[in-house]
Every structure is written in structure tokens, then in C-alpha cells.
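Below: the structure, in C-alpha cells.
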Amino acid sequence: MTRRPVRQLQGPIGSVGVVFREGSPEVLEVIEHLTELCRARGVSITLEDAAHAAAAEGHTTLDLDGEPVDLVVALGGDGTLLRAARAVVEYETPVLGVNLGRLGFLTAMPASELEAGLARVLEGEAQIDCRSTLCAQVVSEGEVDGHKLYALNDIVIHTSGAARVTPLLLGVAGGGGGGEEIGTFSADGVILATPTGSTAYSMSAGGPVIAPDVPCIVVTPICPHSLAVRPLVVPSYEELTVRPLDPDASHQLTVDGQIERRLQPGEAVVVARGDRSVSLVRLPGQTFFGTLRRKLNWGAVSPERA
């Protein structure tokens, strides 16, 4: 079996939209530098919510509906990149992550390498890393809410307010429109993650690390009140249902750690692989396993054993 062929970022790139993390001490300086680099190459640039940015002079506001762009640059950490990914998921616009934070596992480069990295992207040397998403919908009284919530990392159903365990029913859809109960367990909540999200909250909760190309959904209970409940990996074609069973407990739905929706008694959440993907921009030589070693110290050899 051969590896999936690498996709090149299709150019030319004539327009760039910027999503950024407000409050970061260096973000305005990076925006100014990015603007200079783009304009020097004849590339137009628009800013997310430019009206409220201190560096907004001479910029227009990013409007993906009215004026699509060829590339979105996310200035911040993984949280900023996840927000940018959800913003472009309907347009399939590639996202380039520039790390202004500490870890930046999903980003392509640190801010210190912006000039050289952007030059390689604009000159056609960049590659596309296509990542799957999850889609969540709320079910109430048998009716599915038409509003779809897309996640690049994870969908989390958990208790809100006071810390307490809650009973949850996990089920999977079956053939012919039927379904099957996987099981009931008590926990603080449950994480349903993409392979991309397997290195985020799910990993912190004891879930496995999954390579991005593996077609699956990771189910990781949060602090389960049982030694018998362990993380579960299911095929990506399955449709999972999570139903809180305690009508007196307060539950909420969180998408990529950012979007919250309070669940009403009797409501359940249906999660399936999304019908859209996210294109992350990578530079040649950047790999998932290399990032795993470098940023998460996976299998790092201590100096005394080197």
C-alpha cells in the first residue's frame, strides 16, 4: 500500500484574509509585517473585523461570502487556527497557521519564520494537508436540528456548572435505519474527536494518538467512573449518538473548545464525519510524526540515553 499523494497548493494567490487572536502583544506587529510582505508581491490583504483592529488603517474587512480569498492566514495558536478552519469550511479555502503562542501543534510556522515561509507559499512550494471534520446536530423529540456544527478537533458533551459525573448513553446507527446501543457509562462527559483532534483534549483525557489519514472517530470518556470504560475508536462511516440520561443535570455541547450550546432535557447529539474537509497549508518537509516528536516530545530520547 502506498501513501496518499501530496497535493500542492494551487496558485496563483492574489488575495489573503487574516484571522487573528486579539490581545496578543505581538499580533499588531505581525499584521503590519504580513501586510508589507503581501503588498510587495501585489497580493491584496483583508483583516477579520478590521474595524476593531488597531492596525486596521488601509485595510478592508474580511468577508468570505462577498469577497472570497485565495488563502486565510491564522495568526495565533491552535485556537485561532480552529476558528479560522470553521470559518472557511464551507468555502474550502486553505488555511496557513502562524504560531504566536506556545505550542501551535497545528500551525505551519512560528512568526519568526513568516517572511521566508510566506515567500515559499506564494511561490508555489506549499502543500495541502486535507483534514476531515466532524458534524454535530442536536436531536429533540426525534427531530434533527437542521443547524450543523462543524469541528476540526472535537465535539464534547459534558456537564456544566458544578463538577459532577453524569450518566450518558452512547449509541451507533445500524443498517436499514436501525441502531445499536454501545453502552451506558457515568463520566464528566465524552469527547468525540477527529484524528486531528486526537492530539488535543482527547489525548489529555487518555485517548490514543491517531495519524491524520486514518478514517475514524475517537470516543474518549472524560473521567469515567468505571475501570471498564476505555477510549473507543470506530470507523468514520459510523454515526454516533450521545444522550444524557439525567434530566436534572445541566449539559452542554462544545465544538473545538469554543462554541457552546446548552442542551435541554431529552435532547441528544448526533455526530458523524463531516461532508466537508479543511485544507491546512504545510511547507515541504513538515510531517505529522516530525511535529509529534518536536512539539509533544513523543518518544524523545533523554540526553543520557542518546
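Among the residues of region 26-77, those identified as at pLDDT 85 or above and acidic (Asp, Glu) are Glu29, Glu32, Glu36, Glu48, Glu67, Asp70.
Looking at Ala173, Ala193, just one residue is within 28 Å of Gly142 (Cβ to Cβ), hydrophobic (A, V, I, L, M, F, W, C) and more than 19 Å from the chain's Cα centre (by Cα), and that residue is Ala173. Taking region 180-200 as the range and being surrounded by fewer than 24 Cβ atoms within 10 Å (Cβ to Cβ) and under 11 Å from Ala151 (Cβ atoms) as the test, only Ala200 passes.
Filter region 145-170 down to residues that are over 27 Å from Gly77 (Cβ atoms) and touching a residue at least 12 places away in the same chain (Cβ under 8 Å) and give me whichever is nearest to the chain's Cα centre (by Cα). It comes out as Leu170. Within region 78-100, residues that are under 22 Å from Arg120 (Cβ atoms) have Cβ atoms under 7 Å from residues that are of a type in the set (Lys, Arg) in these pairs: Thr80/Arg21; Leu100/Arg21, counting only partners at least 6 apart in sequence or on another chain. Going through region 115-133 one residue at a time, which ones are within 21 Å of Ser24 (Cβ to Cβ) and in contact with a strand residue (DSSP E or B) (Cβ under 6 Å, 6 or more places away or on another chain)? The answer is Gly117, and nothing else.
The residue that is surrounded by the fewest Cβ atoms within 10 Å (Cβ to Cβ), counting only those in region 101-144 that are charged (D, E, K, R) and within 22 Å of the chain's Cα centre (by Cα), is Arg102. Taken over region 5-25, the residue count meeting the criterion of being at pLDDT below 80, out of contact with any Asp or Glu (no Cβ under 9 Å at 6 or more places or on another chain) and farther than 19 Å from Ala126 by Cα is 3. Of all the residues in region 217-245, those that are free of Cβ contacts under 8 Å to residues at least 40 places away in the same chain and of a type in the set (Lys, Arg) number 1. Taking region 204-266 as the region of interest, the strands (runs of 3 or more DSSP E) fully inside it that hold 2 or more residues being surrounded by 13 or more Cβ atoms within 10 Å (Cβ to Cβ) and touching a Gly at 6+ places or on another chain (Cβ under 6 Å) are 216-222.
The values are calculated or read from the model by the stated rules, or taken from the named source; none is laboratory data. Because the structure is predicted, anything quoted here is derived from the model rather than measured. For neighbour counting, all protein chains shown are included, and Cβ atoms are generated from backbone atoms with ideal geometry for every residue, glycine included.
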